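Asker: Next up is a structure, given as structure tokens.
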Amino acid sequence: MSDVEFGVLLMGPPKSGKTTFLAALYHVLEQADVEGALRLHHLGEERSYLNRIRNHWLSCEEIGRTPEEIPPQLSMQLVSSDDSDSIVELVVPDLLGESYDRYLEHREWPQEFDDFVRKMLGVLLFVHPDHVRKSTLILEVDQTVPGLVDSDSATDVTEGVNAWGIEHVPTQVKLVELLRLLEHRRTDLPPIQIGLLVSAWDRVADMWDTADLWVEGNMPFLCQYLSARIGGEVRHRVFGISAQGGDLIQDRDKITGATNASDRIIVSSAGQRSHDITAPIRWIMEGM
Amino acid sequence: MTVSLPGAEPLTIQQANQIARRTPVNVVAVFGPVKSGKTTLIAMIYDSLQRGDLTCCEFAGSDTLWGFERLCHNLRIASNRTVQDMQHTPRADSYQFLHLRVRDPLNDRRYEFLFPDITGELFEEALDSTEDTESLSIIRRADQISLLADGEKLVSPIARQRARADIDTFIRSCLEVGVMDRSSIIQIVVTKSDLLPEENDDRFAEVSEFLQNFENDVTSKYRDRVGSLQFLRVAALPKAPSSLGAGHGIAQLIEGWLRSTKTTDGTPDPLLRPESDREFDSFQWRVATKPRQDV
């Protein structure tokens with residue numbers, strides 16, 4: 001087997017679905033029961049944690065976010081199922097996703113993180129439809145509910161007014177800025193490939209034909225940024241991912257009734273649907 | 001050990017010049033009297049892009065996203081305000097710039113824009129002083145000049161004549177001292193057009209006649225002395241109730257910029273001559289000679 005050739009960074013804000021994705025991914029890698037999916041080549045000391053979250057996933061339980069249980073960094077080496085020598089290292093530097101706001105606010109990140117950014121092939125960026133912060137103008141509230149704000153008598157007082165802070169920045173703007181910083185650290189390197197993973201896809205799949213359309217409709221700023229990259233050199237692709245396969249309560253019968261647990265996973269991209277949760281990683285590997 | 005990352009706040013002149021050195025940029029001077037809506041207009045351009053409301057162009061990047069976000073904050077419910085409020089642009093020791101890259105979906109070209117942060121006080125000082133007009137080096141360097149006329153004043157029978165005269169005086173003064181010339185691309189932008197009377201209003205005919213007269217007068221006086229002259233109306237942030245939505249007119253404004261704008265595949269045109277990096281002095285920087293445009 002050759003050495004690790006590719007690096008893929010898995011990142012996203014808090015509650016964007018990274019943990020559930022990892023739990024389902026670990027199951028698929030270990031079981032090797034999804035045709036064409038990547039296989040597990042090597043795993044470090046994170047096995048105990050991955051087993052725990054995988055067991056929650058198999059039991060169709062919510063996966064908790066207890067900080068002390070989460071290793072500071074997760075990594076695993078995956079290999080293609082077609083017996084090629086290509087090994088990809090999947091790295092999750094911050095599973096909770098709380099570091100990224102700090103990076104954006106303080107304009108610095110750890111050397112170790114930077115080292116991986118400079119050698120990675122691509123990034124998988126997570127968004128959860130229920131946790132996308134959007135901006136709303138005061139004007140929009142006025143026009144939606146006339147009289148809610150009596151503009152003639154309302155006085156703008158400083159007490160109770162929120163000063164600007166990073167916590168008020170819309171999700172899509174933060175993601176654009178994160179991508180800009182990643183690219184800034186790689187101006188002398190080939191452009192990265194960006195996989196945008198819309199998690200809990202089952203929650204919105206009925207309303208949007210494709211994950212691409214969901215992104216275009218809900219995060220147009222990010223969508224345009226990805227499409228308008230200079231020279232079109234950077235590949236990007238949107239994936240709708242449902243690692244749970246449905247709502248844990250409302251769809252319980254459906255997701256517990258699958259013969260193979262892997263069959264409840266939904267991966268939707270480019271008009272295709274499968275159970276192969278490794279598809280986004282394989283797509284990045286295909287870019288080389 | 002940590003690695004430092006670039007900021008996302010407005011650029012200094014030196015930082016803006018670094019961009020201008022490596023790629024063609026379009027300096028768009030959005031300028032006008034105090035409270036004419038300059039900052040609101042720029043904020044709503046950004047907000048419109050963020051919402052994907054514009055078909056004339058798409059967002060392709062910015063080095064100053066936090067600068068834009070700060071502008072918009074007091075217009076959003078996140079500020080916990082009940083009344084939208086745009087803070088006055090204070091006088092500063094030097095210009096700062098907001099940066100925006102857009103893509104024209106029709107031809108797939110990219111355009112870099114720099115928006116200098118110009119306080120309205122400089123406009124008013126320029127009306128009274130030739131020296132102050134001459135010091136507006138940013139207008140001389142600007143590739144596009146969007147000169148704002150406050151719609152709220154143009155509606156008022158008392159205030160409108162002064163507002164009109166100020167625009168006229170400003171253009172004339174700029175031409176006389178060479179801050180504007182036959183290469184200048186100028187838009188006269190009537191802001192707050194949601195306050196202009198609609199057709200069913202008794203004042204409609206009177207105000208329409210005044211505005212047409214204003215437009216004809218400025219055109220006849222200055223059209224042959226500048227590169228191009230365009231009149232637009234915007235309602236960046238209409239006051240409720242209004243039939244106009246937020247960002248009304250912004251698409252036309254940007255389309256005007258794109259029609260006479262350098263793309264990123266052209267020749268870079270720095271903001272500063274090389275020696276200015278060492279001798280920068282607030283507004284009196286030595287502006288690199290702007291290539292004259294054939295008109």
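The values are calculated or read from the model by the stated rules, or taken from the named source; none is laboratory data. What you are looking at is a predicted structure, and each value in this text was computed from that prediction instead of being measured. We place every Cβ from the backbone using ideal geometry, glycine too, and count neighbours over all the protein chains shown. These area figures cover heavy atoms from the full protein model, side chains too; ligands, DNA and RNA do not enter into them. Shrake-Rupley method; radii C 1.70, N 1.55, O 1.52, S 1.80 Å.
Asker: Return the residues of the range B:80-102 that are within 7 Å of chain A (Cβ to nearest Cβ) and crowded, with 20+ Cβ neighbours inside 10 Å; say none if nothing qualifies. Don't jump to the end; show me each part of the working.
Answerer: At the first step, the residues of the range B:80-102 found to be within 7 Å of chain A (Cβ to nearest Cβ) are B:80-85.
Hits for the range B:80-102 are B:Arg81, B:Thr82, B:Gln84.
Asker: I'd like the full set of residues that are within 14 Å of B:Gln252 (Cα to Cα) and either facing another protein chain (nearest Cβ under 10 Å) or open to solvent by 20 Å² or more (accessible area, probe 1.4 Å) (or both), limited to the range B:43-53. Before the answer, list the steps.
Answerer: At the first step, the residues of the range B:43-53 found to be within 14 Å of B:Gln252 (Cα to Cα) are B:44-45, B:48-49, B:53.
Passing the criteria: B:Met44, B:Leu49, B:Asp53.
Asker: For the range B:32-42, which positions are on the phi > 0 side of the Ramachandran plot and open to solvent by 30 Å² or more (accessible area, probe 1.4 Å)?
Answerer: B:Lys35
Asker: Right, something else. Just name the residue that is nearest to the other protein chains (Cβ to nearest Cβ) out of those in the range B:240-256 that are in a loop (DSSP other than H, G, I, E, B) and in contact (Cβ under 8 Å) with a residue 24 or more places away in the chain.
Answerer: Within the range B:240-256, the first condition is being in a loop (DSSP other than H, G, I, E, B), and the residues that meet it are B:240-247, B:249.
Filter again for in contact (Cβ under 8 Å) with a residue 24 or more places away in the chain, leaving B:242-244, B:246-247, B:249.
Details: B:Ser242: 8, B:Ser243: 11, B:Leu244: 11, B:Ala246: 6, B:Gly247: 10, B:Gly249: 15 Å.
The qualifying residue nearest to the other protein chains (Cβ to nearest Cβ) is B:Ala246.
Asker: Looking for whichever is under 24 Å from B:Arg51 (Cα atoms), more than 14 Å from chain A (Cβ to nearest Cβ) and surrounded by 17 or more Cβ atoms within 10 Å (Cβ to Cβ) here; the options are B:Arg233, B:Arg259. Which one fits?
Answerer: Details: B:Arg259 fails: surrounded by 17 or more Cβ atoms within 10 Å (Cβ to Cβ).
Only one candidate qualifies: B:Arg233.
Asker: Okay, next question. When you go through (1) within 14 Å of chain B (Cβ to nearest Cβ); (2) polar (S, T, N, Q); (3) more than 14 Å from the chain's Cα centre (by Cα); (4) crowded, with 22+ Cβ neighbours inside 10 Å one by one for A:Gln244, which number turns out not to apply?
Answerer: Going through the list (1) within 14 Å of chain B (Cβ to nearest Cβ); (2) polar (S, T, N, Q); (3) more than 14 Å from the chain's Cα centre (by Cα); (4) crowded, with 22+ Cβ neighbours inside 10 Å, A:Gln244 breaks only (1).
Asker: Which one is nearest to B:Ile118 (Cα to Cα), of the residues in the range B:1-21 that are aliphatic (A, V, I, L, M) and open to solvent by less than 10 Å² (accessible area, probe 1.4 Å)? I'd like the intermediate steps shown before the answer.
Answerer: If we filter the range B:1-21 for residues that are aliphatic (A, V, I, L, M), which is where we start, we get B:1, B:3, B:5, B:8, B:11, B:13, B:16, B:19-20.
Next, from what is left, pick out any that are open to solvent by less than 10 Å² (accessible area, probe 1.4 Å): B:8, B:13, B:16, B:19-20.
Numbers: B:Ala8: 19, B:Ile13: 13, B:Ala16: 15, B:Ile19: 19, B:Ala20: 19 Å.
By that ranking, first place goes to B:Ile13.
Asker: Filter the range B:201-230 down to residues that are hydrophobic (A, V, I, L, M, F, W, C) and surrounded by 14 or more Cβ atoms within 10 Å (Cβ to Cβ) and give me whichever is nearest to the chain's Cα centre (by Cα). Write out each step before concluding.
Answerer: At the first step, the residues of the range B:201-230 found to be hydrophobic (A, V, I, L, M, F, W, C) are B:204-205, B:207, B:210-211, B:214, B:218, B:226, B:229.
Add one more test, that the residue is surrounded by 14 or more Cβ atoms within 10 Å (Cβ to Cβ), and what stays is B:207, B:210-211, B:214, B:218, B:226, B:229.
Working: B:Val207: 25, B:Phe210: 24, B:Leu211: 21, B:Phe214: 20, B:Val218: 19, B:Val226: 17, B:Leu229: 14 Å.
In this case the residue turns out to be B:Leu229.
Asker: Keeping to the range A:248-279, report how many residues are closer than 18 Å to A:Ala205 by Cα and modelled with pLDDT of 90 or more. Walk me through it before giving the result.
Answerer: Filtering the range A:248-279 down to residues closer than 18 Å to A:Ala205 by Cα leaves A:248-252, A:254-255, A:263-277.
Retained after the next criterion (residues that are modelled with pLDDT of 90 or more): A:263-269, A:272-277.
Counting residues in the range A:248-279 that are closer than 18 Å to A:Ala205 by Cα and modelled with pLDDT of 90 or more gives 13.
Asker: While we're looking at this one, here's another question. Just give me the residues in the range A:101-126 being more than 12 Å from every other protein chain (Cβ to nearest Cβ) and touching a Pro at 6+ places or on another chain (Cβ under 7 Å), in sequence order. Quick ask: steps written out before the conclusion?
Answerer: Restricting attention to the range A:101-126, the residues satisfying the condition of being more than 12 Å from every other protein chain (Cβ to nearest Cβ) are A:101, A:119-126.
If the condition is that a residue be more than 12 Å from every other protein chain (Cβ to nearest Cβ) and touching a Pro at 6+ places or on another chain (Cβ under 7 Å), then A:Leu124 is the only one that fits.
Asker: Being within 18 Å of B:Thr261 (Cβ to Cβ) and of a type in the set (Val, Ile, Thr) is the filter here, so list the residues in the range B:1-56 that pass it.
Answerer: The answer is B:Ile19, B:Thr23, B:Val25, B:Val27, B:Val28, B:Val30, B:Ile42, B:Ile45, B:Thr55.
Asker: Give the residues of the range B:197-209 that are touching a helix residue (DSSP H, G or I) at 6+ places or on another chain (Cβ under 8 Å) and more than 18 Å from B:Val234 (Cβ to Cβ), sorted by residue number. Spell out the reasoning first.
Answerer: Let us first name the residues in the range B:197-209 that are touching a helix residue (DSSP H, G or I) at 6+ places or on another chain (Cβ under 8 Å), namely B:197-198, B:203, B:207.
B:Arg203 - this is the single residue of the range B:197-209 that is touching a helix residue (DSSP H, G or I) at 6+ places or on another chain (Cβ under 8 Å) and more than 18 Å from B:Val234 (Cβ to Cβ).
Asker: B:Ile158: loosely packed, with under 15 Cβ neighbours inside 10 Å and among the β-branched types (Val, Ile, Thr), yes or no? Write out each step before concluding.
Answerer: Numbers: loosely packed, with under 15 Cβ neighbours inside 10 Å: yes; among the β-branched types (Val, Ile, Thr): yes.
Judged against the criteria, B:Ile158 is a match.
Asker: Out of B:Arg70, B:Arg110, B:Arg91, B:Arg81, report the one residue that is in contact with a Lys or Arg (Cβ under 6 Å, 6 or more places away or on another chain) and of a type in the set (Lys, Arg). Walk me through how you get there before you give the answer.
Answerer: Values: B:Arg70 fails: in contact with a Lys or Arg (Cβ under 6 Å, 6 or more places away or on another chain); B:Arg91 fails: in contact with a Lys or Arg (Cβ under 6 Å, 6 or more places away or on another chain); B:Arg81 fails: in contact with a Lys or Arg (Cβ under 6 Å, 6 or more places away or on another chain).
That would be B:Arg110, the only listed residue that is in contact with a Lys or Arg (Cβ under 6 Å, 6 or more places away or on another chain) and of a type in the set (Lys, Arg).
Asker: Looking at (1) within 18 Å of A:Cys223 (Cα to Cα); (2) surrounded by fewer than 24 Cβ atoms within 10 Å (Cβ to Cβ), find the lone condition where B:Trp66 falls short.
Answerer: Evaluating B:Trp66 over (1) within 18 Å of A:Cys223 (Cα to Cα); (2) surrounded by fewer than 24 Cβ atoms within 10 Å (Cβ to Cβ) leaves (1) as the failure.
Asker: Then there's this: Could you list, in sequence order, the residues of the range A:211-224 that are surrounded by fewer than 17 Cβ atoms within 10 Å (Cβ to Cβ) and not hydrophobic (A, V, I, L, M, F, W, C)?
Answerer: So the first thing to find is which residues in the range A:211-224 are surrounded by fewer than 17 Cβ atoms within 10 Å (Cβ to Cβ), and the list is A:213, A:217.
Across the range A:211-224, the qualifying residue is only A:Gly217.
Asker: Within the range A:85-94, can you find the residues that are closer than 22 Å to A:Val127 by Cα, away from every other protein chain (no Cβ under 14 Å) and out of contact with any strand residue (DSSP E or B) (no Cβ under 6 Å at 6 or more places or on another chain)? So that I can check it myself, show each step before the final result.
Answerer: Step one: list which residues in the range A:85-94 are closer than 22 Å to A:Val127 by Cα, which gives A:89-94.
In the following step, the residues that additionally are away from every other protein chain (no Cβ under 14 Å) were identified as A:89-92, A:94.
Of everything in the range A:85-94, just one residue is closer than 22 Å to A:Val127 by Cα, away from every other protein chain (no Cβ under 14 Å) and out of contact with any strand residue (DSSP E or B) (no Cβ under 6 Å at 6 or more places or on another chain), namely A:Asp94.
Asker: Here are some residues: A:Asp253, A:Asp276. Which one is more than 14 Å from chain B (Cβ to nearest Cβ) and either exposed (fewer than 14 other Cβ atoms within 10 Å of the Cβ) or hydroxyl-bearing (Ser, Thr, Tyr) (or both)? Step through it out loud before you land on a result.
Answerer: Working: A:Asp276 fails: either exposed (fewer than 14 other Cβ atoms within 10 Å of the Cβ) or hydroxyl-bearing (Ser, Thr, Tyr) (or both).
A:Asp253 is the lone residue from the list that is more than 14 Å from chain B (Cβ to nearest Cβ) and either exposed (fewer than 14 other Cβ atoms within 10 Å of the Cβ) or hydroxyl-bearing (Ser, Thr, Tyr) (or both).
Asker: May I ask you to verify whether A:Pro13 is in contact with an Asp or Glu (Cβ under 9 Å, 6 or more places away or on another chain) and either among the acidic types (Asp, Glu) or surrounded by fewer than 22 Cβ atoms within 10 Å (Cβ to Cβ) (or both)? Give the derivation first.
Answerer: Numbers: in contact with an Asp or Glu (Cβ under 9 Å, 6 or more places away or on another chain): yes; either among the acidic types (Asp, Glu) or surrounded by fewer than 22 Cβ atoms within 10 Å (Cβ to Cβ) (or both): no.
So A:Pro13 fails the test.
Asker: Shifting gears a bit: Quick one: B:Val27 ticks every box in (1) in a strand (DSSP E or B); (2) β-branched (Val, Ile, Thr); (3) more than 11 Å from chain A (Cβ to nearest Cβ); (4) within 19 Å of A:Val173 (Cβ to Cβ) except a single one, so which number is it?
Answerer: Looking at each condition in turn, B:Val27 falls short on (4).
Asker: Also, quick follow-up: Within the range B:157-184, can you find the residues that are aliphatic (A, V, I, L, M), under 16 Å from B:Gly32 (Cα atoms) and either over 19 Å from the mean Cα position of the chain (by Cα) or not in a helix (DSSP H, G or I) (or both)?
Answerer: Correct list: B:Ala159, B:Ala165, B:Val179, B:Met180.
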